[in-house]
1. If you place +1 on the Cβ of every Lys and Arg and -1 on the Cβ of every Asp and Glu, how big does the dipole about the Cα centre of the chain come out, in debye to the nearest 20?
2. So for V141, V155, fewest C-beta neighbours within 10 Å to most, what's the order?
3. Quick one: which residues, 5 or more positions from G150 or on another chain, have an amide H under 5 Å from its amide H? H modelled 1.01 Å from N in the peptide plane, none for Pro or chain starts.
4. Using a Gaussian network for the chain with springs between C-alpha atoms less than 10 Å apart, which of these wobbles most: G258, G315, G217?
5. Which residue fluctuates the most in the chain, going by a Gaussian network model with Cα springs under 10 Å, if the choices are G205, G372, G16?
6. How large is Rg over Rh for segment 48-198, taking Rg from the Cα atoms and Rh as the Kirkwood inverse mean of 1/r across Cα pairs?
7. On each of the three principal axes of the Cα atoms of segment 1-42, give max minus min coordinate, whole Å, ordered largest first.
8. Have a look at H216, G255, T241 and report the one farthest towards the positive end of the charge dipole of segment 184-294, computed about the Cα centre with Cβ charges (Lys/Arg +1, Asp/Glu -1).
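Just so you know, all these numbers are worked out from the coordinates, no wet-lab data involved. Small disclaimer: the values here were computed from a predicted structure and weren't measured. So basically every Cβ, Gly included, is an ideal-geometry build from the backbone, and we count neighbours across all protein chains shown.
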Amino acid sequence: MGHRPTVLIAGASIAGPALAYWLDRYGWATTVVERAPEFRTGGQNIDVRGAAREVLRRAGLEDAVRDATTGERGTRFFSEHGKLIAEFPVQRSATAGATAEVEVLRGDLARILVDKTAGRTGYRYGDEITALTDTGSAVEVTFAGGRQEGFDLVVAADGLRSSTRRLLLDPADVAVRPLGMEMTYLTIARQDDDTDWWNWYNAPGGLGVTLRPDRHGTTRAVLSAILYDRAGAADWGRRRTASEQKDRLRRQFHGVAGPARRILDALDDAGDMYFESLAQIRATRWSRGRVALLGDAAWCAAPVSGMGTTLSIVGAYVLAGEIARHADHRQAFAGYERIMRPFVDRAQQLPPGVPRIANPRTPAGLAVFHAGLRLAATPLASRIGARLVDPPADRIDLPDYADLDQRQDGLDRI
């Protein structure tokens, strides 16, 4: 057999291991490098919708993912003081609803993908790419420890703040669109009165508190805040320490009723707290030479789109299929972008006013929002609203790469 082509993938969350699965299936030698020192088990609920469900089905993973779902029954909105405003039960649909039919924790889905590829894909934790040199026939990679190694292709799937993307594209090629919202995620102890619903509480000042069930006997909590001032919105690129973020949250949510106090009290004991300033990534290109971008590193649509995981799963499938189908990596990357770009563009078109519309600043704004929720929960309005705001998770003509399975001919073409 000829040369087995090699690919290095940066990022071991969802997109990276998914790409490793498909490329290994098509005959590639796959390596994943991850900056975190070990596999990251944490993470909140993520949706698997539309075309991503079909990709999982083709991969033989749909049953495993269904077995790992959180059991979330739907979404309930409450006032700050705990009055039920409206509820939206889970839709038995591949695309519709705030709570998708397939809700799974990020860490659980990543574990399924990593376990599926373990033994065939090499996982290197606690390392990262620091330099890339495209020689035309290969990519010479320098790692943080100073080691150098060559690969036929490199794919950056290391998230919104991708350090690999900065090595590939000029700043002018990447537009970062801050959405003016921060979200802090953590796992807290489950209480007897916690339910299997996604419970969402609003408070004046653009503040939000949510509690969601998991399948591990704990509760996933989120504190969100709209940044109304320009200085706050411009703060996207600045990193804070965990201690700084905890102090910030205690100031922001001081005096907020409902479950906010419970979450603030749990901050110091939460070993998996992480936070992000929401933004979208719009890159003019997703590849250069033998290096390509995938997932949030290429096109982050933001959690409020409901499409992040779906785009990662579908994007990995399409990129791998195009690489396996074409003899030239340039044709492969062009095909990948031609297929995925319209799908990504639709996903990034958020409903009008999102995310501020769901996080009003004033009591009057909250009253209007709650009135809209009550109307939206009626049967007729829910059917109309679904056509207007449900994520476009099935708006892609998904290619069929079944003819590439177990393909052994031409493995030295690249």
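1. Working: 54 positive and 52 negative charges, 197 e Å.
With Lys and Arg at +1 and Asp and Glu at -1, about 940 debye.
2. Fewest-to-most Cβ neighbours within 10 Å comes out as V141, V155.
3. V141
4. G217
5. Ranking G205, G372, G16 by mean-square fluctuation puts G372 first.
6. 1.06
7. Its Cα atoms span 40, 15, 11 Å along the three principal axes.
8. Of the listed residues, the answer is T241.
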